[in-house]
Amino acid sequence: MLEKVTVYCASSDKVDGKYFDLAGKLGETLAKNNITTVYGGSSMGLMAKLANTALENGGDVIGIMPRFMNEVEWSHQGLTELILVEDMRQRKEMLLEGVDALVALPGGCGTLEELSEAITLKRLGKFTKPIIIVNTDGFYNPLIELFDRMIQENFLREEHRNIWTVVNTAEEILDAIKTAPEWNEEAIKFAAV
């Protein structure tokens, strides 16, 4: 049963409208399915679109933001809950705590860094929930090609492809979460050999 989903996405207001559409569709989908949205807490960019659309559709939204960002930016003041933490590391830990899945929308270096850490934590068995990469308009093609290269050159094993699932649209996300390969202790041990 899906109750909470973390979403990584950009705080930039300058990105193409197709990415705002994607964030809005995801926010609406999560809200209409009674799934709490957990995200970085910003009132800007795709983050704002995600949160605002979820809230407009009756959803609960939890933002997690470091105090220093709250002081200079950006925190969304209309959330169900805004959690202020001490630093980025604590924010990343809390974004993965107690959620049922992680969705990465297109984003910048922060999104990429968070996604890479989540994949590493899943590889090590510290986070075992589905990780969905939303490859709108081929945005993540270079990253997917890099993962393929890592597997081809034995930096990762073929089994590690089960760590993440790639979709292209917001409409595919919930099904991808529900059908993601299980990443349990047996899978972790097998992939480590």
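The values are calculated or read from the model by the stated rules, or taken from the named source; none is laboratory data. Since we're looking at a predicted model, the values are computed, not measured. Don't worry about glycine lacking a Cβ; one is built from the backbone with ideal geometry, like all the others, and counts go over all protein chains shown.
Among the residues of the range 1-39, just one is touching a Cys at 6+ places or on another chain (Cβ under 8 Å) and among the hydrophobic types (A, V, I, L, M, F, W, C), namely Ala23.
Counting only residues that are of a type in the set (Phe, Trp, Tyr), loosely packed, with under 15 Cβ neighbours inside 10 Å and either under 14 Å from Met47 (Cα atoms) or at pLDDT 95 or above (or both), the range 62-92 holds 0 of them.
The set of residues in the range 61-101 being touching a residue at least 12 places away in the same chain (Cβ under 8 Å), farther than 20 Å from Ser12 by Cβ and not in a loop (DSSP other than H, G, I, E, B) consists of Ile62, Arg67, Glu81, Leu82, Ile83, Leu84, Val85, Gln90, Met94, Leu96, Ala101. For residues that are in contact (Cβ under 8 Å) with a residue 60 or more places away in the chain and in a helix (DSSP H, G or I), scanning just the range 22-52, find the one that is nearest to Trp74 (Cα to Cα). Checked the range 22-52; the qualifying residue nearest to Trp74 (Cα to Cα) is Leu46. Scanning the range 111-163 for residues that are polar (S, T, N, Q) and either more than 18 Å from Lys178 (Cα to Cα) or touching a strand residue (DSSP E or B) at 6+ places or on another chain (Cβ under 8 Å) (or both) returns Thr111, Ser116, Thr120, Asn135, Thr136, Asn141, Gln152, Asn154. Scanning the range 93-120 for residues that are closer than 24 Å to Pro142 by Cα and crowded, with 18+ Cβ neighbours inside 10 Å yields Ala101, Leu102, Val103, Ala104, Leu105, Pro106, Gly107, Thr111, Glu114, Leu115, Ala118, Ile119.
Checked against the criterion of being modelled with pLDDT of 95 or more, under 21 Å from Cys109 (Cα atoms) and touching a strand residue (DSSP E or B) at 6+ places or on another chain (Cβ under 9 Å), the candidates Tyr19, Tyr39 yield just one match: Tyr39.
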